Each structure stands twice: as C-alpha cells, then as structure tokens.
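Notes for the one structure printed next.
The values are calculated or read from the model by the stated rules, or taken from the named source; none is laboratory data. Note that the structure is a prediction, hence the values are computed from the model and not measured. Note that we place each Cβ from the backbone using ideal geometry, even for glycine, and neighbour counts take in every protein chain shown. Just so you know, the surface numbers come from the protein's heavy atoms only, side chains and all, with ligands and any DNA or RNA stripped out. Shrake-Rupley method; radii C 1.70, N 1.55, O 1.52, S 1.80 Å.
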Amino acid sequence: MIASLDDNRLIFVTGKGGVGKSTVTAALARGLARRGERTLVVETDVFSAMDGLLDIELGDHEMVDVEPDLQAINLKASECVVEAMARLIPSERIVRTLLGNRIAQTFFEAAPGVNQFAMLEKVRDLHAEVDEQGEPKWDHIVVDLPASGHAVTFLSVASTFRNMIKVGPVAEAAGKVADIVDDRSVSSIVAVCLPEEMPVNETVELDGKLRDALGRGLDVVLANMVHRPPLDGQAARDFDLLVDSLEGAGSMVDALLGRGADGTGAHRIRRIIAGLQLADDWHRRDLHHLKRLRESLEVDVYDIPVFYESDGLSVARRMIDFLDRETRPEPQSLAS
Ligand SMILES: Nc1ncnc2c1ncn2[C@@H]1O[C@H](COP(=O)(O)OP(=O)(O)O)[C@@H](O)[C@H]1O
Ligand SMILES: [Mg+2]
C-alpha cells in the first residue's frame, strides 16, 4: 500500500474526469478496509461511478455498508447545505438576524462556493464523528472530489470564507474546515493523472496552485494507466539487441532468416517484431512523461498499470491487488 497515506485519516483524491479518480478512491478505500482499518468512501461527484466500483447501490446522501470496515456515502450538495445551516445556526432568531446581516449576505452572495463549502463542512463533521468509546468513528475517510471545476477552488473555499467573514458561526466553521484542509498532518491530497503531456502539465500546475492557495502542495501523485513494457529482464535486453541489429545491413535477423520478400518467413517475423516494438514504444512514451512528472515535482509519484479489463469493477479489483502489494514511488514498481 502507499505508506505515506497510512498516517492521515483524511485523504482527498483529485484529478480530471476520466483519469481513474473514482477507481483509485474505491481501490484505496477497499485496500485500507481489507487491512482492518475502518474506512469511509465519500463520493462528491454528481456523475458517480461508485455503485459499480463498490458493487453496491448508493442512494443520495445515505450511509451504506459495503463490507466489514467499509462504508460509503454519496454526498448531495443541497443536503449538505441544509445540514450545515442546521449545525451553524442553532435558533430561528439567529437565522433571522443572520439573514439581515451584511456579513451573512456576503456569505450567500458567494453562492457558487456555498455548495462546496457545505460539502467540506460535512466532511469535517464526518471526520469529527466518534464511536461509543469516544474514538474516531473512521480510521480513514477517502474523498473523491468532483471532476468538474478546479480542485484548488474546491479545497480553498474554506480559506476564502475565512478571509471574507471574520466573526460569527460561519467564520468559526470556515476556520475549522480550513484547518483540516490546510494541514498536511491531518489530510493528504492525492492527484490521479495520466502519463501524457497535458495531464502532467496540469498536475504540476495543480501542485503550484495548491501551494499558493493553501500553503501546502500535493502529497502523492498516482500516475494511472501506465503501459507495461512488453518484455522485461533478459528478454528485454535481447529484444533491444535484435531491434538494433535490424537497422543495419547484414543484421542478425538477415543472417538468421535471409532478407525475405513479402510473405516469406523473414518478412513475417519482422512484422511480429514491429508489433512488439509498438508496445515498447508506448511504454517508453509513458516513461518519458513520467520522468518529466517526477523531475517537476517534489512529491512521491507512484505508477499504476493499465489493466486490460472490460468493466470497472474488474479494473478496481486488479487495482486493489496491485496497491495491496508493496508499492514504491519508483518507476520499477510496474515491472514486479
Ligand atoms: N488502471 C486502469 N486500467 C484500465 N482502466 C482503468 C484504470 N483506471 C481506470 N480505468 C477505467 O477508466 C474509466 C474511468 O475511470 P473512473 O475511475 O470512473 O474515472 P474518473 O473518476 O476519474 O472519471 C473507467 O472505465 C475505468 O474502469
Ligand atoms: Mg469519478
């Protein structure tokens, strides 16, 4: 498992749509639960894929038992707002006073942030929940952040509110949420990205923007859907020799098989070699982008291979098994 994520109770998973954010969230959470850690998955995206990934039916905004030590909830923004209001405003009199208050009006005018703030406030509330023994109810809460919009805007909404509103219950709540989000010893921010030009650029940018907005960067980057090399070890070295020797006149293949016109054995073998080369090129292309990612960030980058499965649940299962093994932030982790 990813060691640096073990220490923090709260894990925010971010990334552009389609990079495998929900699959990673489900796999991380299942992996933690398998080891006996009480884990909660929080889905915030309106386009939730969590039902299929956890093999459950996740209604809106209700806690569902997935398996021993694993629960899940699909947060609905409007419900979070109602709950936050009820928590923040203890009496009708205060509600009325607040609604007539200039500071409160500023809060409501910031409407686009209100949903996001209410969701984070709900996460804070879940984080603070305790069991009968007074111990935290969950050892880990893994939050799948919305794909739409910018993760920085979402995660910095509490700081924004805190700067905007200085006194009263909302200011106090904003402070508490910001304290959790801004503190690396309380929460981890994981970015999922693909080994490609633009996603790498965006992830590096995300890290910088988080540092500017929250005073903290990413903790872990998971490069997902990395193509494995078609061959490894001695076979890979032999293949390199073979490819090199194909280039010049009197190559190894020529020596073994003869030059060969279309349709002959030599020609057919050359085509098979070209096929392997295609897979190898794909892997090398991924490595190139991953190298750039690692060089541009002072963050552990873990590679997750592409799993050739046709449904999300099978992909998630393969990913749990992969993450369950000792995972290291070096590129070689894929070859094992
Ligand atoms: N490592 C992987 N290998 C193969 N397919 C993957 C992998 N990770 C994710 N996928 C697939 O990619 C698609 C998008 O994944 P999903 O987790 O829903 O992305 P997101 O939440 O980022 O939009 C799904 O079909 C999923 O099964
Ligand atoms: Mg998703």
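Tabulated data for the structure shown
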{"quantity": "In degrees, nearest ten, helix 265-296 long axis to first principal axis of the chain (Cα)", "calculated": "30"}
{"quantity": "Inter-label distance, nm, simple model (7 Å from Cα along the C-beta direction), ASP125/ASP65", "calculated": "2.3"}
{"quantity": "Built amide H within the under 5 Å cut-off of GLY15, gap 5+", "calculated": "VAL192"}
{"quantity": "Near-label residues of the stretch 189-206 by backbone N, under 14 Å of a point 7 Å along Cα→Cβ of HIS150", "calculated": "202-206"}
{"quantity": "Debye, to nearest 20: dipole size of the chain, +1 on Lys, Arg Cβ, -1 on Asp, Glu Cβ", "calculated": "720"}
{"quantity": "The chain: angle of helix 111-128 to the longest principal axis, Cα-based, in degrees nearest 10", "calculated": "90"}
{"quantity": "Rounded to whole Hz, the Karplus (6.51, -1.76, 1.60) HN-Hα couplings of the stretch 73-90, x for glycine and proline", "calculated": "9, 9, 5, 10, 4, 5, 5, 5, 5, 4, 5, 5, 4, 5, 6, 7, 10, x"}
{"quantity": "Under 5 Å, built H, 5+ apart or other chain: amide partners of TRP138", "calculated": "none"}
{"quantity": "Helix-derived mean residue ellipticity, 222 nm - over the chain, DSSP H n ≥ 4, -39500 (n - 2.57), to 500", "calculated": "-16500 deg cm²/dmol"}
{"quantity": "Euclidean distance of C-alpha centroids, the stretch 268-311 and the stretch 146-210, integer Å", "calculated": "30"}
{"quantity": "Qualifying GluC sites (Glu not before Pro) in the stretch 55-86, DSSP loop, other Cβ atoms within 10 Å at most 15", "calculated": "GLU57, GLU62"}
{"quantity": "Computed label-point distance, nm, for sites GLU309 and VAL186 using a 7 Å Cα→Cβ extension", "calculated": "3.5"}
{"quantity": "For the chain: accessible area per residue (Å², 1.4 Å)", "calculated": "49"}
{"quantity": "Angle in degrees between helix 21-34 and the longest Cα principal axis of the chain, rounded to the nearest 10", "calculated": "80"}
